[in-house]
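Student: Have a look at this one.
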Amino acid sequence: MSKSSTLIESAQRHLYGNYKQAPIVFARGSGVEVFDVDGKRYLDFAAGVAVSVVGHAHPILVAAIAEQAQRQIHVSNYFYNDRNIELAEELCRRTGYDRAFFCNSGAEANEALIKLARHHFYGRGDKARQRVIAFHNAFHGRTMGALSMTGTPKYREGFGEMGPVTHVAYGDLDAVKAAMGADVCAVIVEPVQGEGGVNMAPAGFISGLRALCDANGSLLLVDEVQTGIGRLGRFLGHDGCGARADAIALAKGLGGGVPIGAMLTTEALANALPPGTHGSTFGGNPLACAASLAVLRIIDDEKLVLGAKNRGEKLHGLLTRLAADLPLVCEGARGDGLLRGLVLRQGMIARDVLGKLQQAGVLLTAAGERVIRFSPPLIVTDAQLDEGVALVRAVLATMSPSAQSNANMPCQVQSPQGQRT
Ligand SMILES: *Cc1c(COP(=O)(O)O)cnc(C)c1O
């Protein structure tokens, strides 16, 4: 028996069954390559869902984590620690925000945003302003507050009452305007909907939301969990859109794989969550903050934000050509920077293609129903993009839409990502 099959047998007995993992057990990685316990190599174009921005085992990140672990891993927020002060300063300097709150994940960063917005108005005596406007196909995380804003009903089903949230069509400013009211504390938006299908915001959408929020006295919250940290070829996904959020959520790439999330906000909102209203035991721990500081240093030293723009354009060219060459399987390509989607034809299910891609040696994720998402480490090279897209091309070339839909006959309803059916 292979090491993989022995471990998978144990996994199926002992791990909680909320995921539907591929039958691969990873053991190590280096740069854009990862290796399973039996030594098989894969090109990692998923980066653990847009997380491993500096790739695997980057020597500077590894050294920073090791050095910090030798000094101190944890303090708690009863005290300051040197590393989270440095990281707060560094993030504020880069983004122009004034205040940082640290937590451990994207969902937690979004929880902080929603609590910030609601409590801001509560503190000003406007207790009726509790409703949030969010978007269909939005993904903000799986905790109850973040889930209430997540715009895929399937993810919310079965979990009871959700806080007051109105979901409207992504990109539709008229729908937002119609949903506005004196009870709306905030609008929350992703610059590009990652999980929802690599859906691009139309030009002027975020600045239009800013104007609607200003007119209504509501806050604009931007979920940069997937789009931030250079992913779109600029440090924040909504940089350059002509508008700024009142607060943003960061996570995924922020720690290069070490769990850390952050809420960044303005001085005007610095007192919205006074002591006692929010917190996190692990949030802002020196180990995660040291990792994040190293990631930011690597991003600068290796010019990875510009790299994401250039490699992203290269990847887009490859995907557009692939789609044009396989018109029966692919509809086209979309995305920004190094967050790209290869859109499959109607009736195909991206999730069902991932296994074949894994067998061919390339890791990718599905976004929405029929989009194969490319979110490689920002250190990916042109040669690696060529190699990985060639593997994808070879797999897709063997498929026809009819073979796909037959394979999916027994499963009419697509199972949500990461959930057992
Ligand atoms: C992944 C993601 C989240 C949730 O992050 P977790 O760390 O899984 O809680 C929230 N928002 C967006 C946009 C994401 O892509």
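Student: Which value in deg cm²/dmol, rounded to the nearest 500, describes the helix-derived mean residue ellipticity at 222 nm for the chain, given -39,500 (n - 2.57) per DSSP H run of n ≥ 4 and division by the residue count? Don't skip to the end; give the middle numbers.
Tutor: Values: 14 runs with 161 residues, N = 421.
Rounded to the nearest 500, it is -11500 deg cm²/dmol.
Student: Compare A383, A262, A128 in a GNM of the chain, Cα atoms joined below 10 Å, and give the one with the largest fluctuation.
Tutor: A383
Student: In addition: Need one number: convex hull volume per residue for the chain, Cα atoms only, in Å³. Each step should come with its number before you reach the end.
Tutor: Working: hull volume 63.7 nm³, N = 421.
Considering the Cα atoms of the chain, their hull volume per residue is 151 Å³.
Student: Still on this structure, I have one more. Please report Y78, Y155, Y97 as a ranked list, fewest other C-beta atoms within 10 angstrom at the top and most at the bottom.
Tutor: Working: Y78 5, Y155 19, Y97 23.
So the residues, fewest neighbours to most, are Y78, Y155, Y97.
Student: Another one. Can you give the FRET efficiency to the nearest 0.05 for A211 and M162, using r as the Cβ-Cβ distance and R₀ = 30 Å? Walk me through the numbers before you get to the answer.
Tutor: Working: r = 28 Å, r/R0 = 0.92.
So, using R0 = 30 Å, E works out to roughly 0.65.
Student: Separate question: Give the Debye-formula value of log10 I(q)/I(0) at each listed q (0.09, 0.12, 0.13 Å⁻¹), with one equal scatterer per alpha carbon of the range 59-301, two decimals each.
Tutor: The Cα Debye sum returns log10 ratios of -0.36, -0.65, -0.76.
Student: Given an 8 Å cut-off on Cα distances and at least 6 residues of separation, report the relative contact order of the chain as a percent. Please list the in-between numbers first.
Tutor: Details: 857 pairs, mean separation 89.6, N = 421.
RCO, the chain: 21 percent.
Student: Right, next: If the reach is capped at under 23 angstrom between alpha carbons, list the lysines near K309, excluding any in the same chain fewer than eight residues apart.
Tutor: K252
Student: Continuing with this model, one more query. Remind me, relative contact order of the range 167-296 in percent, using alpha carbon pairs under 8 angstrom and six or more residues apart?
Tutor: Computed value for the range 167-296: 19 percent relative contact order.
Student: For the chain, give the magnitude of the charge dipole about the Cα centre (Cβ charges: +1 Lys/Arg, -1 Asp/Glu; no others), in debye to the nearest 20.
Tutor: On the way: 41 positive and 39 negative charges, 116 e Å.
With only Lys, Arg, Asp and Glu charged at Cβ, the dipole is about 560 debye.
Student: Any idea what the relative contact order of the range 59-301 is, in percent, if you count C-alpha pairs under 8 Å spaced at least 6 apart?
Tutor: It comes to 30 percent, rounded to a whole number.
Student: Any lysines with Cα under 30 Å of the K127 Cα? List them, leaving off those in the same chain fewer than 8 positions away.
Tutor: Once the sequence-local lysines are set aside, what remains near K127 is K115, K177.
Student: Using a 10 angstrom cutoff on alpha carbons, build the Gaussian network for the chain and name the most mobile of F79, F102, F282.
Tutor: It is F79.
Student: Next question, about the same structure. Connecting C-alpha atoms closer than 10 Å in a GNM of the chain, tell me which of D325, D336, D223 has the biggest fluctuation.
Tutor: D325
Student: Okay, moving on. Of all DSSP beta bridges in the chain, what percent run antiparallel (nearest 5)?
Tutor: Values: 32 of 49 bridges.
Approximately 65 percent, going by the DSSP bridge assignments.
Readers should treat all values here as calculations from the given coordinates under stated rules, not as data from a laboratory. In this text the structure is predicted, and so the values were computed from the model without any measurement. All Cβ positions, glycine included, derive from the backbone under ideal geometry; neighbour counts span all protein chains shown.
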